[in-house]
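Visitor: Have a look at the structure that comes next, please.
The values are calculated or read from the model by the stated rules, or taken from the named source; none is laboratory data. Because the structure is a prediction, the values reported are computed rather than measured. All Cβ positions, glycine included, derive from the backbone under ideal geometry; neighbour counts span all protein chains shown.
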């Protein structure tokens, strides 16, 4: 697989497949892609996003704009089953990574192309980032407390699109094994944003219901909020009448069970100040740990609001070994990378090696494709690799 991705969506898509054994070659400019240097944490300037999303890959540098790079690109494509590229349509065509150019070299190639808006329509050649789609999907209009629109700190459109693209790539590989035909796997951040927001969008369209920002308070059930304890914060979410009854009895408010303002989830959500008041009184009298123990005993979903540093110390995170601490050249400490999130019992994925330094595998990969050491030296001197 060739990874021409950048930032999150393309690299994460390729990383998911690399974790399960795909040989992934990341192709970068000679000076390195922009995403390599976001939020630097190493002496060379690599950032945590690059280090964590490009594990299990090899790095080859190639100046695609140089006319003498065409043969290198051709041999790389011939050797690949999949090309991943999150680039606008005009850039794909300019660099010869569009489907027509790729199939002229390898007819059964699979092109996984990822863009901000999709490759049809008036925005096909516009560029954008996750935050643009958070805005255009409607998500930002409802995030945060009343005031300016807010984006999520998590790039959900990027990561979600990568998941969609990886799933589509696997389906395309399965189909090619059956029919021998390659195809285009098309994913876009805007489609992901619309997909993730579809329930709220449908509610708006069908009921003409105009929601407003209301912080951590849920729209469709209560209690569904963040509550302050003696020593911190916890989140509690109750859905359904059986769970609500258990919660009401736990917090000493069984009267709410028969209250007309609490007859079902949506009614409770519409009257959340009553329920939040009861929950706030109960939580304020307990430490976070005490509250969690009692809520869990009543089978009410809850969790502590962790700071970033507390995440690593969580006993469940440690028991499940959710992080792999990788040594990386130039980093003062080992860099924590989330282990493969999907676990297979018979063919598990995992982190086999760290992300590559810039061009670390250029000679190895190109020698395998037929270039001699002397030819590689000439290519490097000509600033092609």
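Visitor: Please give the number of the condition residue 121 fails out of (1) assigned to a loop (DSSP other than H, G, I, E, B); (2) not assigned by TED's automatic domain parsing to the domain that holds residue 78.
Guide: (2)
Visitor: May I ask you to say which residue of 292, 266, 257, 274 is modelled with pLDDT of 95 or more, buried (at least 18 other Cβ atoms within 10 Å of the Cβ) and at negative phi?
Guide: Details: 266 fails: buried (at least 18 other Cβ atoms within 10 Å of the Cβ); 257 fails: buried (at least 18 other Cβ atoms within 10 Å of the Cβ); 274 fails: buried (at least 18 other Cβ atoms within 10 Å of the Cβ).
When all the criteria are applied, what remains is 292.
Visitor: From 45, 33, which residue is surrounded by fewer than 16 Cβ atoms within 10 Å (Cβ to Cβ) and either within 21 Å of the chain's Cα centre (by Cα) or modelled with pLDDT of 95 or more (or both)? Give the steps one after another, and end with the answer.
Guide: Details: 33 fails: surrounded by fewer than 16 Cβ atoms within 10 Å (Cβ to Cβ).
Every option except 45 fails the conditions.
Visitor: In the stretch 69-84, is there at least one residue being touching a strand residue (DSSP E or B) at 6+ places or on another chain (Cβ under 9 Å), in a loop (DSSP other than H, G, I, E, B), under 17 Å from residue 5 (Cα atoms) and touching a residue at least 60 places away in the same chain (Cβ under 8 Å)?
Guide: yes
Visitor: Evaluate the stretch 325-333: report whether one residue or more is assigned to a loop (DSSP other than H, G, I, E, B) and in contact with a helix residue (DSSP H, G or I) (Cβ under 6 Å, 6 or more places away or on another chain).
Guide: Yes, the stretch 325-333 contains at least one residue that is assigned to a loop (DSSP other than H, G, I, E, B) and in contact with a helix residue (DSSP H, G or I) (Cβ under 6 Å, 6 or more places away or on another chain).
Visitor: Give the stretch 91-124 a look and list any residue that's surrounded by fewer than 15 Cβ atoms within 10 Å (Cβ to Cβ) and in contact with a helix residue (DSSP H, G or I) (Cβ under 7 Å, 6 or more places away or on another chain), or say none.
Guide: Within the stretch 91-124, just 108 meets the criteria.
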